[in-house]
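Trainee: There's a structure below that I have some questions on.
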Amino acid sequence: MSNTETFKIIAMDGGAAVGKSSTSKGLAERLNLMHVDTGAHYRTLTHALLQTGADPAKPETIPSALTRLELGTTLQGRSAKLSVNGTVPADADIRSPEVNAAVSTFAALPSLRSFLFEYQRGQSAIARDRAYAGLIMEGRDIGSVIFPDADHRFFLYADEATRTARRAKEGQTDSIAARDQMDSNRKTAPLVCPEGAIQIDTTPLTLEEVIETITRLIQPA
Ligand code: DC
């Protein structure tokens, strides 16, 4: 059977530090999926735009700044990374305090979101071409906007103390609650639990338990 018949799209949404990335990467490994972190897309564009001196407080300047950015895809293991003008920025650069502070403001701009829409939808063709069994895409609006037609849609959440502790363990200080509030209250594609998505509270669970729970939901015994 070719993968066109069995290819699965899995949408993984949730707020900051709920465990989306580790869970998505673990599931990608377990189920032979291509992994895409769309938070990294917003971080990469924020980093590129900050370098050009773009100011999110002047949204009218953003569309022309975006025309100078050529988007590409580079596979690093199972993770497809966004390149801008031929380069995938270093993780340290897209997770810097400057990017942490600005990313939610840039991500609220409709021009930036529509700039990424086709690119993100197009990742499924790349995963199919590379013969993966499917695509797992994580973010805030994957099950609501990018792939409302996904085969499986999950929404992860966890209490704030757990999320802050998880970020600190990664060596990051990040105002998670402030970002979530901005991401949830913006007009375009806010952070919401998509209707019909399966919600999972990751607070009391280990990473392995989250991966196991989701695997059973995707592939019932
Ligand atoms: O997952 P993350 O913390 O790396 O995401 C960084 C920011 O990008 C987050 O504040 C909200 C934004 N984002 C978004 O608006 N839509 C997505 N699909 C993914 C992330």
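The values are calculated or read from the model by the stated rules, or taken from the named source; none is laboratory data. Owing to the predicted nature of the structure, the values given are computational and were not obtained by experimental measurement. Glycine also receives a Cβ, built like all others from the backbone with ideal geometry; neighbour counts cover every protein chain displayed.
Trainee: So which residues in segment 163-203 are among the polar types (S, T, N, Q) and crowded, with 17+ Cβ neighbours inside 10 Å?
Mentor: Those that are among the polar types (S, T, N, Q) and crowded, with 17+ Cβ neighbours inside 10 Å: THR164, THR202.
Trainee: Turning to a different aspect of this structure: Does ARG121 qualify as being closer than 26 Å to ASP91 by Cβ and of a type in the set (D, E, K, R)?
Mentor: Considered against the rule, which asks whether it is closer than 26 Å to ASP91 by Cβ and of a type in the set (D, E, K, R), ARG121 comes out as yes.
Trainee: I need the full set of residues from segment 150-171 which are within 18 Å of the chain's Cα centre (by Cα) and not hydroxyl-bearing (Ser, Thr, Tyr), in order please.
Mentor: ALA150, ASP151, HIS152, ARG153, PHE154, PHE155, LEU156, ALA158, ARG163, ARG166, ARG167, GLU170
Trainee: Please pick out the residue among THR188, THR173 that is of a type outside the set (Lys, Arg), in contact with a helix residue (DSSP H, G or I) (Cβ under 6 Å, 6 or more places away or on another chain) and assigned to a loop (DSSP other than H, G, I, E, B).
Mentor: Testing whether each residue is of a type outside the set (Lys, Arg), in contact with a helix residue (DSSP H, G or I) (Cβ under 6 Å, 6 or more places away or on another chain) and assigned to a loop (DSSP other than H, G, I, E, B) leaves just THR188.
Trainee: Could you tell me whether LEU27 is more than 28 Å from THR162 (Cβ to Cβ), more than 13 Å from the chain's Cα centre (by Cα) and crowded, with 22+ Cβ neighbours inside 10 Å?
Mentor: No, not satisfied.
Trainee: Checking the conditions here, which among THR44, THR23 is among the hydroxyl-bearing types (Ser, Thr, Tyr), within 16 Å of the ligand (Cβ to nearest atom) and either in a loop (DSSP other than H, G, I, E, B) or touching a Pro at 6+ places or on another chain (Cβ under 8 Å) (or both)?
Mentor: One residue alone meets the criteria, THR44.
Trainee: Tell me, yes or no, whether segment 116-130 has at least one residue that is at pLDDT below 95, surrounded by 12 or more Cβ atoms within 10 Å (Cβ to Cβ) and under 26 Å from SER175 (Cα atoms).
Mentor: Step one: of segment 116-130, the residues at pLDDT below 95 are none.
Among the residues of segment 116-130, not one is at pLDDT below 95, surrounded by 12 or more Cβ atoms within 10 Å (Cβ to Cβ) and under 26 Å from SER175 (Cα atoms), which makes the answer no.
Trainee: Give segment 125-140 a look and list any residue that's in contact with a strand residue (DSSP E or B) (Cβ under 7 Å, 6 or more places away or on another chain) and either in a loop (DSSP other than H, G, I, E, B) or within 15 Å of the ligand (Cβ to nearest atom) (or both), or say none.
Mentor: ARG130, TYR132, ALA133, LEU135, ILE136, MET137, GLU138, GLY139, ARG140
Trainee: In segment 141-167, how many residues are within 9 Å of the ligand (Cβ to nearest atom) and closer than 14 Å to SER124 by Cβ?
Mentor: The number of residues fulfilling the criteria is 2.
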